[in-house]
Amino acid sequence: MKKVLVLILVLILVGCGSKKDEVKEEPKEEKKELTVEDYKNNSVDELGEVPIMMYHGIHNKKNSETEYTGGNVDKDGYQRTTEAFINDLEFYYKEGYRMIRLTDYVDGNIDVELGKSPIILTFDDGLSNAIKVTGLDKKGNIIIDPNSAVGILESFKKKYPDYNVTATFFVNGGLFEQKEYNEKIIKWLVDNGYDVGNHTYSHVNFSEVDSKKSQEEVGSIYEILDDIIPNKYVNIIALPYGSPYSLDHANMPYIFNTNYNGKTYITKSALRVGWKSESSPFSKDFNPKFLKRIRAYDNNGEEFDIEMNFNLLEKTRYISDGDVDTIVIPESKTNALNSDVKRTVKTY
Ligand SMILES: [Zn+2]
């Protein structure tokens, strides 16, 4: 009996020893310490600006099939052609942008490789062309129309695995306007690297209702999401019409702290409509409660369209050091850093 015990002990010790060795070897190959030269060569700037793109519907059309500028399907460019959307995604990738989740941006978790810049995609209104389901396969999984926004995003996932394809979809009470598939769609999204957030039950204009109605509009969407994907949706709201336009509005406290049906829902961020990039989450100017977005539309490089914004970003964009835990900034920007940020900061 004793012999057996000793043998087991020896085996355990040997096992532990060999495991330790394996663990020790891993980091050597993985991480190499970056130098100031690396930062300079890549113009690393983690206090640079981040584009949050605002899309609505993606329509299976060529640009030449619309009567509006570029890839706009409507006069104001809230709806976009598939041709333009595919070109947008190619453009962002080639320009060195890599996608991150909106919720990660708000929380200051920007995991992008060295020299690359973060970009965030959002889709409002839960339109069926955001993720169009054409049926179910033999196993009961949804079949997604390759020409809907998610169909196109999935093709980019395969084409550029390092793009880190993701997006946040803001839904109303109609969810994705596909009654028989809505629940499956929402589950599929969060299981496949996408996020779902709140766009109010009836696309309400918060400036035109009272605090009770505001809470019903916000709370009922969270209740629906709680039911379908508990703990998996994001507590972020895209304000319909970008309204109210000020954080001081009387309904704002009820939008961020909502009591509905005996439950309290806390919203960590509200998204506005238009017009330009947002601050780095490590900047003094960063306010997660009220975030600007870029309207993804064409206007010949004017009025803060995509072209104009990405031209502006050439001088101001966030450029990553490749390490999610460390903030690297040029010496000249030290004053712009939010002193509450609890991360290792390196200046160069
Ligand atoms: Zn909307």
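The values are calculated or read from the model by the stated rules, or taken from the named source; none is laboratory data. Since the model is a prediction, treat every value here as computed from it, not as a measurement. Neighbour counts are summed over all protein chains in view; Cβ atoms, including those assigned to glycine, are modelled from backbone coordinates with ideal geometry.
Just a few scattered comments:
- So Asp124, is it within 18 Å of the chain's Cα centre (by Cα), closer than 23 Å to Lys289 by Cα and within 16 Å of the ligand (Cβ to nearest atom): yes
- First in the stretch 192-214 and closer than 16 Å to Tyr265 by Cβ and touching a residue at least 24 places away in the same chain (Cβ under 8 Å), second anywhere and acidic (Asp, Glu) and within 14 Å of the ligand (Cβ to nearest atom), Cβ under 6 Å, 6 or more apart: His199/Asp124; Thr200/Glu217; Tyr201/Glu217; Val204/Glu217
- Subset tally (residues that are within 16 Å of the ligand (Cβ to nearest atom) and at negative phi) for the stretch 221-245: 9
- Subset of the stretch 300-324 [farther than 18 Å from Arg98 by Cα and not in a loop (DSSP other than H, G, I, E, B)]: Met308
- Selection from the stretch 181-230 of residues that are over 30 Å from Gly140 (Cβ atoms) and either at pLDDT below 95 or within 19 Å of the chain's Cα centre (by Cα) (or both): Thr200
- Residues satisfying the stated conditions in the stretch 278-295, i.e. closer than 25 Å to Gly57 by Cα and touching a helix residue (DSSP H, G or I) at 6+ places or on another chain (Cβ under 6 Å): Ile294
- Among the residues making up the stretch 29-84, a single one is among the polar types (S, T, N, Q), in a loop (DSSP other than H, G, I, E, B) and surrounded by 21 or more Cβ atoms within 10 Å (Cβ to Cβ): Gln79.
- Scanning the stretch 109-128 for residues that are of a type in the set (Gly, Ala, Ser), surrounded by 21 or more Cβ atoms within 10 Å (Cβ to Cβ) and assigned to a loop (DSSP other than H, G, I, E, B) yields one hit, Gly126.
- Filtering the stretch 244-256 to residues that are of a type in the set (S, T, N, Q) and over 11 Å from Ser214 (Cβ atoms) leaves only Ser246.
- Scope the stretch 203-231; condition among the acidic types (Asp, Glu) and touching a Phe, Trp or Tyr at 6+ places or on another chain (Cβ under 7 Å); matching residues: Glu216, Glu217, Glu223
- When Ile131 is tested against (1) in contact with a helix residue (DSSP H, G or I) (Cβ under 8 Å, 6 or more places away or on another chain); (2) more than 21 Å from Trp275 (Cα to Cα); (3) surrounded by 22 or more Cβ atoms within 10 Å (Cβ to Cβ); (4) touching a residue at least 60 places away in the same chain (Cβ under 8 Å), just one condition goes unmet, and that condition is (4).
- In the stretch 177-220, the qualifying residues are those that are of a type in the set (Phe, Trp, Tyr) and assigned to a helix (DSSP H, G or I), and the one that is surrounded by the fewest Cβ atoms within 10 Å (Cβ to Cβ) is Trp188.
So that you can scan it fast, the table gives a plain yes or no per residue for (1) in contact with a helix residue (DSSP H, G or I) (Cβ under 8 Å, 6 or more places away or on another chain); (2) surrounded by 15 or more Cβ atoms within 10 Å (Cβ to Cβ):
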| residue | (1), (2) |
| --- | --- |
| Tyr297 | yes, yes |
| Phe304 | no, yes |
| Leu312 | no, yes |
| Thr334 | no, no |
| Asn338 | no, yes |
